[in-house]
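Quick one: the structure is below, and I'll ask about it shortly.
The values are calculated or read from the model by the stated rules, or taken from the named source; none is laboratory data. These numbers come from a predicted model, not from an experiment. FYI the Cβ positions are ideal-geometry reconstructions off the backbone, even for glycines, and counts take in every protein chain you see.
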Amino acid sequence: METFTNCWEHMGCGRETGGAQTKKSGVCPAAEEQIFDQVHGGKNAGRSCWAVVGTFASGKMKGTFAKKYKNCELCDFYKCVRDEEGVHFWPPVLLHRILEL
């Protein structure tokens with residue numbers, strides 16, 4: 001089985017379950033959102049973090065999907081996953097829609 005880098009590994013934020021920054025900043029919602037487990041080969045939402053509200057980007061909590069997504073499109077990790085997945089990349093709007101169901 002191929003191993004893929006999750007967002008908290010790529011970003012080095014320490015907000016994964018048991019991470020170095022969880023006492024200070026809490027566990028990131030992407031590390032806990034199980035509905036996206038294995039999407040793009042990640043653990044929980046580790047490779048679809050842009051679809052999860054409440055994640056940090058540049059050290060600041062991001063709000064609604066609509067407000068957050070524009071920042072995510074510029075993120076190096078987002079671009080990396082999109083490029084690695086190619087035609088198998090799940091469109092962000094589809095991922096967000098899954099959360100609404």
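Give all pairs with beta carbons closer than 6 Å in which a residue from region 23-38 that is touching a residue at least 12 places away in the same chain (Cβ under 8 Å) meets a residue that is outside any helix (DSSP H, G or I) and exposed (fewer than 13 other Cβ atoms within 10 Å of the Cβ); count only pairs at least 6 apart in sequence or on separate chains.
Cβ pairs passing all conditions: Val27/Thr17; Ala31/Thr17.
Sticking with this structure for a sec: Name every residue in region 1-15 that is within 14 Å of Asp37 (Cα to Cα) and of a type outside the set (Ser, Thr, Tyr), in order of residue number.
Filtering region 1-15 for residues within 14 Å of Asp37 (Cα to Cα) gives 3-7.
If the condition is that a residue be within 14 Å of Asp37 (Cα to Cα) and of a type outside the set (Ser, Thr, Tyr), then Phe4, Asn6, Cys7 are the ones that fit.
Something else now. Out of the residues in region 3-26 meeting the condition of being assigned to a loop (DSSP other than H, G, I, E, B) and either among the hydroxyl-bearing types (Ser, Thr, Tyr) or within 21 Å of Lys70 (Cα to Cα) (or both), tell me which one is nearest to the chain's Cα centre (by Cα). Give the derivation first.
Taking region 3-26 first, the residues assigned to a loop (DSSP other than H, G, I, E, B) are 3-6, 12-21, 26.
Narrowing the set further to residues that are either among the hydroxyl-bearing types (Ser, Thr, Tyr) or within 21 Å of Lys70 (Cα to Cα) (or both) leaves 3, 5-6, 13, 17.
Details: Thr3: 16, Thr5: 11, Asn6: 8, Cys13: 12, Thr17: 14 Å.
Only one residue fits best here, namely Asn6.
Here's another thing I want to ask about it. Name the residue that is modelled with the lowest pLDDT, counting only residues in region 27-80 that are assigned to a loop (DSSP other than H, G, I, E, B) and β-branched (Val, Ile, Thr).
The selected residue is Thr64.
Any idea which of (1) on the phi < 0 side of the Ramachandran plot; (2) in contact (Cβ under 8 Å) with a residue 24 or more places away in the chain is the one Gly41 doesn't satisfy?
(1)
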